[in-house]
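Here the structure comes first, spelled out in structure tokens, and everything after it is commentary.
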Amino acid sequence: MKKELKNQIIESISAELQNYPNFYITDIAGLNADQTSKLRRECFEKGIKLSVVKNTLLTHVLKASGNPELESLTETLVGNTAIMYTESPNAPAKLIQDWQKKKSEKPALKGAYVQECAFIGADKLDELVNIKSKEELIGDIISMLQSPVRNVLGALQSAGQTIAGVVKTLEEKEQ
């Protein structure tokens with residue numbers, strides 16, 4: 001491969017890493033053409049960009065980043081490598097887990113860079129599946145804030161009915 005082409009690929013990978021805050025390093029070797037096509041389709045449907053890369057070129061990008069977390073992922077670059085770029089921190093992990101449950105052992109997780117932290121090894125898959133997105137965290141916070149308000153309103157409403165019942169009973173006794 002010519003040096004110019006290598007530089008273009010390195011720039012392309014660098015641009016993708018800047019565009020997407022999260023990425024997963026996976027191994028999809030061993031999937032046949034039909035399986036690979038299905039995987040790419042599912043990735044597209046879930047907003048994941050799948051790209052096969054050369055380990056040496058990705059190593060250049062990770063080391064040039066100057067980020068120790070990214071640099072630590074170079075140890076995962078053995079064998080065939082594909083990158084799953086994503087906005088959602090847990091979408092690729094869920095996709096990988098679904099594939100491993102239903103279809104095959106591939107794609108296999110090698111490592112991930114999610115929410116500015118490196119995760120190395122296939123044993124981190126369950127941890128990555130449970131990471132919540134920003135929207136999910138906001139939803140959790142809102143529901144936690146609404147819960148006490150609902151309890152107070154419910155207590156006031158039931159107390160109102162109880163008080164009304166007591167007043168009605170007292171009125172009936174006076175007559």
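Can you tell me which residue in the range 88-108 is nearest to V52 (Cα to Cα), limited to those that are hydrophobic (A, V, I, L, M, F, W, C) and open to solvent by 10 Å² or more (accessible area, probe 1.4 Å)?
A108
What residue, of K110, K132, K124, is at pLDDT 80 or above, at negative phi and either in a helix (DSSP H, G or I) or touching a Leu at 6+ places or on another chain (Cβ under 6 Å) (or both)?
Selected residue: K124, the only one of K110, K132, K124 that is at pLDDT 80 or above, at negative phi and either in a helix (DSSP H, G or I) or touching a Leu at 6+ places or on another chain (Cβ under 6 Å) (or both).
If you go through the range 36-77 one residue at a time, how many are of a type in the set (G, A, S), in contact (Cβ under 8 Å) with a residue 24 or more places away in the chain and under 19 Å from A15 (Cβ atoms)?
4
Show the residue pairs that are 6+ apart or on different chains and have beta-carbon atoms under 6 Å apart, the first residue being within the range 11-35 and surrounded by fewer than 16 Cβ atoms within 10 Å (Cβ to Cβ), the second being among the basic types (K, R).
Final answer for the pair search is G30/K106.
Scanning for something under 18 Å from E16 (Cα atoms), touching a Gly at 6+ places or on another chain (Cβ under 9 Å), polar (S, T, N, Q) and surrounded by fewer than 16 Cβ atoms within 10 Å (Cβ to Cβ), does the range 65-77 turn up at least one residue?
no
Considering each of V129, V114 in turn, give the residue that is free of Cβ contacts under 8 Å to residues at least 40 places away in the same chain, of a type outside the set (S, T, N, Q), in contact with a helix residue (DSSP H, G or I) (Cβ under 8 Å, 6 or more places away or on another chain) and within 18 Å of D27 (Cα to Cα).
The match here is V129.
The values are calculated or read from the model by the stated rules, or taken from the named source; none is laboratory data. The structure presented is a predicted model; accordingly, all values stated were derived computationally and were not measured. In this analysis, Cβ positions are derived from the backbone assuming ideal geometry, glycine residues included, and neighbour counts consider all displayed protein chains. The protein model used for the area step is the full one, side chains on, heavy atoms only, and it has no ligands, DNA or RNA in it. Shrake-Rupley method; radii C 1.70, N 1.55, O 1.52, S 1.80 Å.
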